[in-house]
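The values are calculated or read from the model by the stated rules, or taken from the named source; none is laboratory data. None of these values were measured; they are calculated from a predicted model. Cβ: placed from backbone, ideal geometry, glycine included. Neighbour counts: every protein chain shown.
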Amino acid sequence: MKRKISILLVLCLAISMFAGCSKPAQAPAAKPAELPVLRVATVSAICGLPIYYMREKGWDVENGFKIELNVFSLGAPLLEALAADLWDVGCLGTGPTPLGVTTYDAVYILDANSSSGGCDVFVRKDSPIAKATGGNAKYPTILGNAQTLKGTTMLTPLGSNMHLLGMLWIENLGVDSADINFVHMDQAQLLPAFDSGHGDFVALAPPFSFTARKTHVTAATFEAMDVPQYDAMIANRKYYDSKRPLIEKFVAQYLRAGDEFGKDHELFVQSLFAWQKSNALNDNIDVTRAEAAERHVTTSEEAKTGRFGLTPRMVGQFLAGQGRMEKDLLPKLEANIKRDVLDAALKILGK
């Protein structure tokens with residue numbers, strides 16, 4: 001009996017060995033297909049935060065595409081990169097947006113974030129401008145007048161939102177821009193230069209404006225002149241149609257980030273601080289908290305119900321009035337402000 005059992009065991013073992021030998025080798029797991037790439041550009045301001053956040057969360061890969069991100073310090077070089085066909089979608093400030101939409105035929109697709117809060121024109125405490133009031137009865141809180149402004153020098157990143165703020169202030173005080181000297185500097189250079197005695201006034205955005213408020217006087221803000229401001233998201237016309245599904249998904253995830261920040265303010269603060277540090281803009285979280293108290297990323301509800309495209313229309317009119325953009329380009333600006341990508345993105349989010 002034991003002999004029969006032993007023979008049976010040997011036979012079973014032999015069969016299993018032959019079966020193992022005859023089994024074909026298992027094919028290696030197939031690699032996932034290469035995801036389509038969306039080339040995204042942004043200035044290093046709050047409008048870039050949702051892009052940074054969605055990449056950190058992996059939302060691009062989760063939704064079937066990959067973000068290739070390039071960060072610029074200012075809008076002007078970002079638009080130069082557009083002219084060189086180096087990106088598909090870009091986020092930038094309000095000042096250069098109408099020129100990008102008209103000169104480079106870009107398509108305005110989203111009011112990205114509120115950008116007016118925390119933007120100030122600063123003068124020194126001992127400046128004659130700081131002591132001049134009543135320069136415009138419609139906007140009684142702004143400082144300065146034509147007499148104190150003519151012949152002065154402004155430090156600014158030319159073509160930026162801060163340049164626009166200074167120009168609006170000058171215009172509201174009845175001063176021609178030809179009577180002002182403009183010195184171009186990058187954002188990080190502005191406050192140190194002004195503190196060192198250069199220039200007569202400077203327009204600063206967060207986080208630099210919050211530091212400047214401690215030692216200088218605010219002469220004007222967007223709010224004081226009743227000017228709503230949103231940073232912009234624009235699309236490269238060349239890929240507006242061919243990459244439309246990717247762009248729609250991207251905008252949906254951008255708004256998804258805005259919704260998360262809107263529900264959790266501390267998440268917004270910490271994420272903004274991480275974004276600022278990654279761009280060497282700020283290492284003081286108190287400064288970040290001050291900015292987060294005055295600005296926000298557009299939420300899906302705000303995008304759905306807000307006055308879409310108001311900012312580029314207003315800025316375009318201003319630039320044309322100042323002779324900085326041809327008036328015959330205004331119809332092109334209007335034609336290139338398109339809501340269809342936004343509506344598709346809201347549909348993706350079920351809004």
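If you go through region 46-62 one residue at a time, do you hit one that is part of a helix (DSSP H, G or I) and more than 19 Å from the chain's Cα centre (by Cα)? Yes, that holds for at least one residue.
On the stretch given as region 318-351, residues that are aliphatic (A, V, I, L, M) and either in contact with a Gly (Cβ under 9 Å, 6 or more places away or on another chain) or loosely packed, with under 15 Cβ neighbours inside 10 Å (or both) total 7. Listed by position, the strands (runs of 3 or more DSSP E) inside region 63-165 whose residues that are of a type in the set (Ser, Thr, Tyr) number at least 2 are 107-114, 153-156. Scanning region 189-221 for residues that are out of contact with any helix residue (DSSP H, G or I) (no Cβ under 8 Å at 6 or more places or on another chain) and either surrounded by fewer than 20 Cβ atoms within 10 Å (Cβ to Cβ) or assigned to a loop (DSSP other than H, G, I, E, B) (or both) turns up Gln189, Pro192, Ala193, Asp195, Ser196, Gly197, His198, Arg213, Lys214, Thr218.
What do you reckon, is Lys4 modelled with pLDDT under 50, charged (D, E, K, R), part of a helix (DSSP H, G or I) and out of contact with any helix residue (DSSP H, G or I) (no Cβ under 8 Å at 6 or more places or on another chain)? So Lys4 passes the test. Selection of region 259-290 for residues being out of contact with any strand residue (DSSP E or B) (no Cβ under 9 Å at 6 or more places or on another chain), part of a helix (DSSP H, G or I) and among the polar types (S, T, N, Q) yields Gln270, Ser271, Gln276, Thr288. Note on region 233-256: residues that are in contact with a Phe, Trp or Tyr (Cβ under 6 Å, 6 or more places away or on another chain) and closer than 23 Å to Leu74 by Cβ amount to 1. Scanning region 334-351 for residues that are among the β-branched types (Val, Ile, Thr) and under 14 Å from Leu110 (Cα atoms) turns up Ile337, Val341. Suppose the filter is at positive phi and under 32 Å from the mean Cα position of the chain (by Cα); does Gly174 pass it? Answer is yes for this residue.
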